[in-house]
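> Dropping the structure in here first, questions after.
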Amino acid sequence: MELHNFNSGPSILPQQVLDQAAAAIHNFNNTGLSILEIGHRTSHFMEVVQEAQETVKRLMGLGDDYEVLFLQGGATMQFMQVPMNLLDENGLAAICDNGVWGNKAVKEANLFGPVKVVADTSDKKHTYLKKDLELPASTTYLHITTNNTVEGTQWHSYPQVNVPLVGDMSSDIFCRPTPFHEFDLIYAGAQKNMGAAGVTLVVVKKSILGKTNRAIPAILNYQKHIDAGSLMNTPPVFAIYVSLLTLRWIEQEGGLAEMEKRNNEKANLLYNTIDELPAFYCPIAKEDRSIMNAVFFLTDPNREADFLVLCKEKGMIGVKGYRTVGGIRVSMYNALPLSSVKAFCELMKSFAEKN
Ligand SMILES: *Cc1c(COP(=O)(O)O)cnc(C)c1O
């Protein structure tokens, strides 16, 4: 049976990336050694890091005022590493709490300085985004989650503010052309749209660093990672390599404009199908719907279990909603083919007809 991988993360990767990664485990770039066996300070691996950094900057259209780092600890570590490096008692972190991940960013920032939640959308179960933000005068930076992976909302244009903007782009990085220059710090766990688990991309504008008086442990200090060329200690060699392969694939396929075309086509097909079928409904405000993660429900919640059984029978992987949200979540990252969304929509239609 053909499988359709709608996993929310770790998630589907291009077949070409899997093939190349598998080959490199046996023989990396004709070195006769596995990518798992080479030293991280050899020229072979330094070239991988350099090419990955350059490709990120090219895709983002960013210049030398930004640095690209490949760190560990997941996006979750960034919830604390960002305030540890940017915030102190004299400043304030303004944070949009639009769901599970933004909420974690709030909790961690609280450990390092004053925090103000400038948007809290829990009144409507995070089914929309609040965009008119009022920032206190002492605001050091504004933090947003560009795509709410769990709740299914996505910022389609970003807040225009005169303080540094920090974006958790874990689940929509490189899904379309993006004004990356509007951000001063971007981070993303690689395992959703950019590669394998184990590495986190951090892109930071150098001018925002060095402004707190706090002593920062070296391993958590962005500036020290920059000084060390993202090679302070042994980095996650294989995960970085898989990210490089995925970044190459994005460029080969036509770059971010092509990703956007494909992602819009998939998302439009799915949301149109949901909106047309009375058996399903999507509670997310239309203008805020995510093109990466569609969250929706069965009109009759008693039918949900049957629908999930059918999904399993038909090879639809990973479509059960997040445990605190319930319902259905269909993740449509860059590597997911349109044919998978078509197959899923056909399944929804036949389920709706039978009931
Ligand atoms: C998955 C996710 C995270 C957590 O990522 P980890 O790499 O598991 O720490 C954080 N933010 C967003 C938006 C996510 O989708």
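> Kindly indicate the residue of segment 36-83 that is among the polar types (S, T, N, Q) and without any contact (Cβ under 8 Å) to a residue 24 or more places away in the chain and also nearest to residue 250 (Cα to Cα) among those meeting that condition.
Applying the filter and picking the extreme gives 50.
> Further question on the same structure: (1) modelled with pLDDT under 95; (2) in the same structural domain as residue 227 (by TED's automatic domain parsing): which one isn't true of residue 1, the others all being true?
That leaves (2) as the condition not met.
> Starting from residues that are part of a loop (DSSP other than H, G, I, E, B) and without any contact (Cβ under 8 Å) to a residue 60 or more places away in the chain, keep the ones in segment 217-229 and report whichever is nearest to residue 18 (Cα to Cα).
The qualifying residue nearest to residue 18 (Cα to Cα) is 228.
> Separate question: Can you confirm whether segment 276-285 contains a residue that is at pLDDT 95 or above, closer than 14 Å to residue 175 by Cα and touching a helix residue (DSSP H, G or I) at 6+ places or on another chain (Cβ under 8 Å)?
No, that holds for no residue.
> Which residues, taken from segment 38-88, are within 16 Å of the ligand (Cβ to nearest atom), surrounded by fewer than 21 Cβ atoms within 10 Å (Cβ to Cβ) and of a type in the set (Val, Ile, Thr)?
Selection gives 76 alone.
> Could you list, in sequence order, all residues of segment 103-124 that are surrounded by fewer than 24 Cβ atoms within 10 Å (Cβ to Cβ), within 16 Å of the ligand (Cβ to nearest atom) and within 19 Å of residue 159 (Cα to Cα)?
Hits for segment 103-124 are 103, 106, 119, 121.
> Moving to a separate point now. What pairs come up if the first residue lies in segment 133-148 and is on the phi < 0 side of the Ramachandran plot and of a type in the set (Asp, Glu), the second is outside any loop (DSSP other than H, G, I, E, B) and more than 16 Å from the ligand (Cβ to nearest atom), and their beta carbons are under 7 Å apart, counting only those six or more places apart or on different chains?
134/118
> While we're here: Check whether at least one residue in segment 286-294 is in a helix (DSSP H, G or I), in contact (Cβ under 8 Å) with a residue 24 or more places away in the chain and over 14 Å from residue 152 (Cβ atoms), and report yes or no.
Scanning segment 286-294, I find no residue that is in a helix (DSSP H, G or I), in contact (Cβ under 8 Å) with a residue 24 or more places away in the chain and over 14 Å from residue 152 (Cβ atoms), so the answer is no.
> Further question: Hey, among the residues in segment 162-182 that are surrounded by 24 or more Cβ atoms within 10 Å (Cβ to Cβ) and within 21 Å of residue 86 (Cβ to Cβ), which one's farthest from the ligand (Cβ to nearest atom)?
Step by step, filter segment 162-182, then rank; the result is 166.
> I'm trying to understand the selection: among the residues of segment 125-134, which are more than 16 Å from the ligand (Cβ to nearest atom), over 27 Å from residue 90 (Cα atoms) and not polar (S, T, N, Q)?
Within segment 125-134, 125, 128 meet the criteria.
> When you look at residue 97, is it over 21 Å from the mean Cα position of the chain (by Cα) and of a type outside the set (Phe, Trp, Tyr), yes or no?
No, not satisfied.
> Okay, next question. Please go through segment 1-46 and pick out each residue that is part of a helix (DSSP H, G or I) and touching a helix residue (DSSP H, G or I) at 6+ places or on another chain (Cβ under 7 Å).
16, 17, 20, 21, 24, 45
> Still on this model: Restricting to segment 236-269, count the residues that are in contact with a helix residue (DSSP H, G or I) (Cβ under 7 Å, 6 or more places away or on another chain) and not in a helix (DSSP H, G or I).
0
> Let me ask something additional. Filter segment 233-280 for residues that are touching a strand residue (DSSP E or B) at 6+ places or on another chain (Cβ under 9 Å), in the same structural domain as residue 36 (by TED's automatic domain parsing) and among the hydrophobic types (A, V, I, L, M, F, W, C) and give the result.
239, 240
> Please verify whether residue 323 is in the same structural domain as residue 348 (by TED's automatic domain parsing) and assigned to a strand (DSSP E or B), treating the condition exactly as stated.
Judged against the criteria, residue 323 is not a match.
> Among what's in segment 183-216 and is more than 16 Å from the ligand (Cβ to nearest atom), assigned to a loop (DSSP other than H, G, I, E, B) and of a type in the set (S, T, N, Q), pick the residue that is farthest from residue 70 (Cα to Cα).
The extreme case among them is 213.
> Filter segment 135-146 down to residues that are of a type outside the set (Val, Ile, Thr) and touching a helix residue (DSSP H, G or I) at 6+ places or on another chain (Cβ under 9 Å) and give me whichever is farthest from the ligand (Cβ to nearest atom).
Looking at residues that are of a type outside the set (Val, Ile, Thr) and touching a helix residue (DSSP H, G or I) at 6+ places or on another chain (Cβ under 9 Å), I get 141.
The values are calculated or read from the model by the stated rules, or taken from the named source; none is laboratory data. Just so it is clear, the model here is predicted, and its values are computed rather than measured. Cβ: placed from backbone, ideal geometry, glycine included. Neighbour counts: every protein chain shown.
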